[in-house]
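Q: Structure below; questions to follow.
Readers should treat all values here as calculations from the given coordinates under stated rules, not as data from a laboratory. Computed from a predicted structure; not experimentally measured. Cβ coordinates were reconstructed from backbone atoms using ideal geometry, including for glycine residues, and neighbour counts include every protein chain displayed.
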Ligand SMILES: Cc1cc2nc3c(=O)[nH]c(=O)nc-3n(C[C@H](O)[C@H](O)[C@H](O)COP(=O)(O)OP(=O)(O)OC[C@H]3O[C@@H](n4cnc5c(N)ncnc54)[C@H](O)[C@@H]3O)c2cc1C
Ligand code: FES
């Protein structure tokens, strides 16, 4: 791939210089100032609370600016663009109290009011933390019958207010950065990898990196400009697979673990980061385990096909019972009844959603395990296998 030469100026050093200049001007570090202004805001809120009871200061402040909420993390969509027909890129300004620090590869949670209730999903941040300007960027692909993704691709517009969950996730670059990396992605699985590639470029650490990315059609390709920038480095290699079109010699079939040792002869010396569809990741996990290769994966979607029958799910402490089929998770069933349970990734990664199963059996869609009464279960990936009671 041809591309412009990578930038030689380090954005990191630009930021450091800016912070140093601010510090010199004020005699305080920016972090101290942030803490002081947060403390002052806290004191003001405490003071206001005495006057606004029985309502909370939030009830008034959000009328002035919907981003000034201390009850929940909020954000406002600042800009919307459409890199392909089926995708939307959103720039989101975080509101008061939203943590903005993140590692390259992490995701944020987005809560959007759809059909009268908040729907939550996770989306990878695509900017490099080193050059991040305080605005979150995500790219969402509309999937068939996808509640949130269709809504965002069809209806998101600047000025729209949403809820946010702080950046999180273990799928990110480690410190120190591995000497040799192989990134493997397919489709929208490129989003966390783009953040990592941008991070490596911005800290001038783009050494021995190979990227294998696969898309069905050329028109589906996201972040082509980033791949081109990466390909311009002397020690990097970018392999693009376009699987759904008549291929010429340059392109090839779907990525398979069996091809990796041919495509990347030194793959056993590399740390592999992979994000893509479940069959690809399942195959890579077996392949890497057999060869003792360090593999880190991120899964975007849940395979809902299973033998689980569904059943009546009772949320004991709420005295509520909901009927759910074998493809609806316990977490989704609770939300459909207006019960908000804690959650983070909604994909079985972070454990935030764990609850005690007090009666019945559930099936874990990620691991295919069946859990019995007394187990601690991840409600975001477990479905009922008969009638169950959850202790929440
Ligand atoms: C860490 C992480 C990062 C992610 N980053 C990105 C990203 O950068 N970009 C991106 O586009 N996506 C990303 N995702 C995926 C994203 O979170 C959503 O899962 C995706 O947008 C689909 O959400 P949806 O509401 O549109 O689909 P959903 O409504 O959740 O549906 C998903 C699929 O499941 C089926 N389904 C849902 N409920 C049922 C049911 N009860 N019975 C049968 N079938 C059902 C639907 O038909 C659909 O095919 C990420 C996910 C994770 C976990
Ligand atoms: S919400 Fe992260 S594991 Fe369930």
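Q: Using the count of nearby Cβ atoms within 10 Å as a rough guide to exposure, how do 358, 185 rank from fewest to most?
A: On the way: 358 15, 185 25.
Ordered by Cβ neighbours within 10 Å, fewest first: 358, 185.
Q: What is the fewest-to-most order of 132, 172 by other Cβ atoms lying within 10 Å of their Cβ? Provide the component values of the computation, followed by the final result.
A: Values: 132 21, 172 24.
Least crowded to most crowded, the residues run 132, 172.
Q: Using a/c under 1.5 as the rounded threshold, could you call the stretch 65-168 rounded, prolate or oblate? The axes a ≥ b ≥ c are square roots of the C-alpha gyration tensor eigenvalues, and prolate needs a/b larger than b/c, oblate otherwise.
A: Numbers: a/c = 1.63, a/b = 1.16, b/c = 1.40.
Oblate.
Q: Now for a different question. Quick check on packing: order 362-368, 194-200, 120-126, 233-239 by the mean number of other C-beta atoms within 10 Å, highest mean leading.
A: On the way: 362-368: 18.6, 194-200: 25.6, 120-126: 23.7, 233-239: 15.9.
With the highest mean Cβ count within 10 Å placed first, the list reads 194-200, 120-126, 362-368, 233-239.
Q: Follow-up question, since we're still on this one. What distance in nm separates the simple spin-label points at residue 356 and residue 179, each placed 7 Å from Cα in the Cβ direction?
A: It works out to 5.0 nm between the two label points.
Q: Could you give the spread of the C-alpha atoms of the stretch 258-365 along their three principal axes, from largest to smallest, in whole angstroms?
A: Principal extents (largest minus smallest coordinate, Cα): 58, 26, 21 Å.
Q: Continuing with the same structure: Counting other C-beta atoms within 10 Å, which of 82, 107 has the fewest, and how do the rest follow? Could the numbers behind the result be given before it?
A: Working: 82 11, 107 28.
Ordered by Cβ neighbours within 10 Å, fewest first: 82, 107.
Q: Using only the Cα atoms of the stretch 311-390, build the gyration tensor, take square roots of its eigenvalues as a ≥ b ≥ c, and label the shape rounded, prolate or oblate: rounded if a/c is under 1.5, else prolate if a/b is larger than b/c, else oblate. Could the numbers behind the result be given before it?
A: Numbers: a/c = 1.38, a/b = 1.10, b/c = 1.25.
Rounded is the answer for the stretch 311-390, as its axis ratio a/c remains below 1.5.
Q: To continue, here is another question. What whole-number distance in Å separates the alpha-carbon centres of the stretch 157-171 and the stretch 362-380?
A: Taking the Cα centre of the stretch 362-380 as reference, the centre of the stretch 157-171 is 28 Å away.
Q: Work out, step by step, the length gained on full extension between residue 269 and residue 228: first 0.36 nm times the residue separation, then minus their alpha carbon distance; give nm to one decimal. Kindly include the intermediate steps, with their values, before the conclusion.
A: Values: separation 41, 0.36 × 41 = 14.76 nm, distance 2.44 nm.
Length gained between residue 269 and residue 228: 12.3 nm.
Q: What nm distance separates the two modelled labels at residue 113 and residue 82, each placed 7 Å from Cα along Cα→Cβ?
A: Going by the 7 Å Cα→Cβ label model, 2.5 nm.
Q: Then there's this: Taking the Cα centroid of the stretch 286-332 and of the stretch 200-270, what is the distance between the two, rounded to the nearest whole Å?
A: The stretch 286-332 and the stretch 200-270 have Cα centres spaced 31 Å from each other.
Q: Let's test the formula: R0 of 41 Å, r as the Cβ-Cβ distance of residue 219 and residue 292. What FRET efficiency results, to the nearest 0.05? Intermediate results must be reported in sequence, preceding the final value.
A: Values: r = 39 Å, r/R0 = 0.95.
Approximately 0.60, to the nearest 0.05.
Q: Classify the stretch 129-257 from the C-alpha gyration tensor, please: rounded if a/c falls under 1.5, else prolate or oblate depending on whether a/b exceeds b/c. If you can, show how the numbers build up before the last one.
A: Working: a/c = 2.11, a/b = 1.15, b/c = 1.83.
Oblate shape, in that a/c is at least 1.5 and b/c is the bigger or equal ratio.
Q: Pairs of Cα atoms under 8 Å, at least six residues apart: use those to get the relative contact order of the stretch 180-298, whole percent. Present the calculation step by step, with values, prior to reporting the outcome.
A: Values: 186 pairs, mean separation 35.9, N = 119.
It comes to 30 percent, rounded to a whole number.
Q: Same structure again: Just the ratio, please: alpha-carbon radius of gyration of the stretch 211-313 over 2.2 N^0.38 Å, N its number of residues.
A: Values: Rg = 16.4 Å, N = 103, 2.2 N^0.38 = 12.8 Å.
Working it through for the stretch 211-313, the quotient is 1.28.
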